[in-house]
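Step one of this worksheet: look at the structure below.
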Amino acid sequence: QVQLVESGGGLVQAGGSLRLSCAASGSIFSGNVMGWYRQAPGKQRELVALITSGSFARYADFVAGRFAISRDNAKNTVYLQMNHLRPEDTAVYYCAVGRPTAWSTERYDYWGQGTQVIVSS
């Protein structure tokens, strides 16, 4: 059984920072891809960032250098450091874990329950 437990969401003022964490419990296959997605009300879920087991990462264009994804393979944990937050960053943020092919397919084996991020103006 694999579960993803997220934490770190909350309410923050524009320009502030948050650090999201997602810890995977259970047996996770090696060489996995971990990622962060977000979904705002009335919008489709969109990619925020992906990271490989070797810590090679890619980001959505809207991040514009503000966010950084990282991982601790020993803890099966992925992080998302978010700086210079904007009101349009308000969304539910989800973490995901998938096989290496998820890097290109964006199809994942496991999803977290989501954590709310609200950025006030």
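Applying the selection to the range 95-104, what residues are β-branched (Val, Ile, Thr) and open to solvent by less than 70 Å² (accessible area, probe 1.4 Å)? Within the range 95-104, just Val97 meets the criteria. Looking across the range 5-14 at every residue that is at pLDDT 95 or above and open to solvent by 50 Å² or more (accessible area, probe 1.4 Å), the one that is nearest to Met34 (Cα to Cα) is identified as Ser7.
Screening Ala40 against (1) modelled with pLDDT of 95 or more; (2) in contact with a Leu (Cβ under 8 Å, 6 or more places away or on another chain) leaves a single unmet condition, (2). For the range 98-113, the condition of being basic (Lys, Arg), in a strand (DSSP E or B), free of Cβ contacts under 8 Å to residues at least 60 places away in the same chain and over 15 Å from Gly10 (Cα atoms) holds for none of the residues.
Residues in the range 44-85 that are more than 15 Å from Pro100 (Cα to Cα), touching a helix residue (DSSP H, G or I) at 6+ places or on another chain (Cβ under 9 Å) and not in a strand (DSSP E or B) were compared, and the one that is least open to solvent (accessible area, probe 1.4 Å) is Arg66. No other residue among Gln81, Gln39, Gln44 is of a type outside the set (Lys, Arg), within 19 Å of Trp111 (Cβ to Cβ) and touching a residue at least 12 places away in the same chain (Cβ under 8 Å) apart from Gln39. For the range 16-31, filtering for residues that are without any contact (Cβ under 8 Å) to a residue 60 or more places away in the chain and under 15 Å from the mean Cα position of the chain (by Cα) leaves 2. Taken together, the criteria exclude Ser21 from residues that are part of a loop (DSSP other than H, G, I, E, B), surrounded by fewer than 21 Cβ atoms within 10 Å (Cβ to Cβ) and among the polar types (S, T, N, Q).
The values are calculated or read from the model by the stated rules, or taken from the named source; none is laboratory data. Just so we're clear, the structure is a prediction, and the values are computed from it rather than from any experiment. Reconstructed Cβ throughout: ideal geometry from the backbone, glycine too, with neighbour counts over all protein chains shown. Accessible surface areas use protein heavy atoms only, side chains included; no ligands, DNA or RNA. Shrake-Rupley method; radii C 1.70, N 1.55, O 1.52, S 1.80 Å.
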